[in-house]
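The values are calculated or read from the model by the stated rules, or taken from the named source; none is laboratory data. Since the structure is predicted, the reported quantities are computational estimates derived from the model, not experimental observations. Positions of Cβ are backbone-derived with ideal geometry, glycine not excepted, and every protein chain shown enters the neighbour counts.
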Amino acid sequence: MLCKSCKKKINKTLIDLGSAPLSNNLLYKIEESENWYPLKVMICSNCWLAQTNHNLTSSEVFNKNYPYLSSVSKSLLINSKKYADDVYDKFLKNKKNNKILEIASNDGYLLQYFKNKKFISKIVGIEPTPEAAKISRKKKIQTLEVFFEKKEAKKLDKKFGKFDLIIANNVVAHIPDINSFIQGIKKLLSKTGIVTIEFQYLVDLINKNIFDNIYHEHYYYYSFTSFNKILEKFNLKAFDYQKIEAQGGSLRLYITHKNNKIYAVSNNIKKLKNLETKIGIKKLKFYSNFFTNTVNKKNQFLSKLIELKNKKKTIFGYGAAAKGNTMINFCGIKNDLIDYVVDKNSYKQGKFLPGSRIPIVSENFIRKTKPDYIVIIPWNIAEEIKKDLKYVKGWGCKFIIYQPQVKII
């Protein structure tokens, strides 16, 4: 295959997880048919961009039934408010008539925190999934139901002009044509404006073996090195960054036009470049043990579930998250090992996980049936879930977590 960014030939496999259905394609009936697609990640030895090798389109992956709603997570809402406050204080509060654009704004979980701030003249969200866009509009946020790319950016430019803050958090992994996406951002960014982009950090994915974050809607897995090459290609620069805990380790980059002299490239960026060079991000050896570690974790998790089932224990999952479906389907788990999966999102309840066809139920099912163990599937918000479910300790129920290590707590 050819690299989706630099167009050079790729022949190095980073990891091959076999085949899987789309992780967010929940089934309405247990007997419903579904398509399975190869789930393999390749690594480009020219620009070092890790990327899936399928050719699924955005509309196939993010279809009308796409169920993810950001506001379900309390911790995400808390972090979103903090982000809005921090970015406003650093970049917007001393300027008038700021215009803000968020790409992949979901249900308005983040943009809602900008609504009552001074000196903001326009807030626009872009969200292609109908259910999330509908909820966002109920929050009085102008939300466009389109997929963002270079052609769409030209239309937005004619309609709204340039934006002073463009937000693209946890979306650059989801874009089939990343070059077009970044060109679109450049087109809409004002001369002195900034962009913030967040993505799960490839270095943490490898080092912590967070393989369950690999699924079809993630087309790319970025290091700073690989993402910065894309920015430089379109005369943009990352002038600072933050390391954040989201998804087991993410980078938040602060980006502007290359010729914007207001923001000089910080020493933080220079240190990050040097760190990646030192750990060998441009050498295939750095990636060589990823699959072996993945198989080891799979075996540990399966062994623990089988051990408990042999003791006649009931095991529920909590959170019908996409990452969980990667783990469940790679392990070949069905409802003989995990009886049910509980989810707070009413849109998911009554449906079935793709592949495994495990039923998704409401939290009342936990209180009613009193399981012995609960697997925390969205392990990145494990602390939030443990607090919400603290009542299960009343009958001796324990939690199982499989990231970063398999353990019972």
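So here's what we get for this one:
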read-out: Tally, over the range 82-110, of residues that are among the aliphatic types (A, V, I, L, M) and free of Cβ contacts under 8 Å to residues at least 40 places away in the same chain; value: 1
read-out: Residues within the range 61-74 that are surrounded by fewer than 16 Cβ atoms within 10 Å (Cβ to Cβ) and either in the same structural domain as Val146 (by TED's automatic domain parsing) or not basic (Lys, Arg) (or both), tallied; value: 3
read-out: Residue within the range 240-250 that is outside the structural domain of Ile376 (by TED's automatic domain parsing), within 22 Å of the chain's Cα centre (by Cα), part of a helix (DSSP H, G or I) and farther than 19 Å from Met327 by Cα present; value: no
read-out: Single unsatisfied condition, Val265 versus (1) over 30 Å from Tyr347 (Cβ atoms); (2) surrounded by 15 or more Cβ atoms within 10 Å (Cβ to Cβ); (3) touching a strand residue (DSSP E or B) at 6+ places or on another chain (Cβ under 7 Å); value: (2)
read-out: Among (1) in the same structural domain as Leu231 (by TED's automatic domain parsing); (2) free of Cβ contacts under 8 Å to residues at least 40 places away in the same chain; (3) under 28 Å from Ala20 (Cβ atoms), the one test that Lys115 misses; value: (3)
read-out: Any hit, the range 276-284, residues being touching a strand residue (DSSP E or B) at 6+ places or on another chain (Cβ under 8 Å) and either modelled with pLDDT under 95 or under 26 Å from Lys208 (Cβ atoms) (or both); value: yes
read-out: Positions within the range 36-52 being of a type outside the set (Val, Ile, Thr) and over 13 Å from Ala20 (Cα atoms), in sequence order; value: Met42, Cys44, Ser45, Asn46, Cys47, Trp48, Leu49, Ala50, Gln51
read-out: Which numbered condition Leu308 misses (of (1) within 20 Å of Ile30 (Cβ to Cβ); (2) in a helix (DSSP H, G or I); (3) touching an Asp or Glu at 6+ places or on another chain (Cβ under 8 Å); (4) not basic (Lys, Arg)); value: (1)
read-out: Tally of residues being of a type in the set (A, V, I, L, M, F, W, C) and in a loop (DSSP other than H, G, I, E, B) across the range 99-155; value: 7
read-out: Tally, over the range 138-186, of residues that are out of contact with any Lys or Arg (no Cβ under 8 Å at 6 or more places or on another chain), among the charged types (D, E, K, R), buried (at least 16 other Cβ atoms within 10 Å of the Cβ) and without any contact (Cβ under 8 Å) to a residue 40 or more places away in the chain; value: 2
read-out: Hits in the range 187-196 - residues which are surrounded by fewer than 21 Cβ atoms within 10 Å (Cβ to Cβ) and not hydroxyl-bearing (Ser, Thr, Tyr); value: Lys187, Lys191
read-out: Those residues of the range 208-239 which are assigned to a helix (DSSP H, G or I), of a type in the set (S, T, N, Q) and within 18 Å of the chain's Cα centre (by Cα), in sequence order; value: Asn213, Ser226
read-out: Selected residue (only one of Asn35, Asn79 is on the phi < 0 side of the Ramachandran plot, in contact (Cβ under 8 Å) with a residue 12 or more places away in the chain and out of contact with any strand residue (DSSP E or B) (no Cβ under 9 Å at 6 or more places or on another chain)); value: Asn35
read-out: Matching helices (runs of 4 or more DSSP H) fully within the range 321-393 where at least 2 residues are within 24 Å of the chain's Cα centre (by Cα) and modelled with pLDDT under 95; value: 322-331, 382-388
read-out: Filter pass, Ala264 being outside any strand (DSSP E or B), of a type in the set (Gly, Ala, Ser) and free of Cβ contacts under 8 Å to residues at least 60 places away in the same chain; value: yes
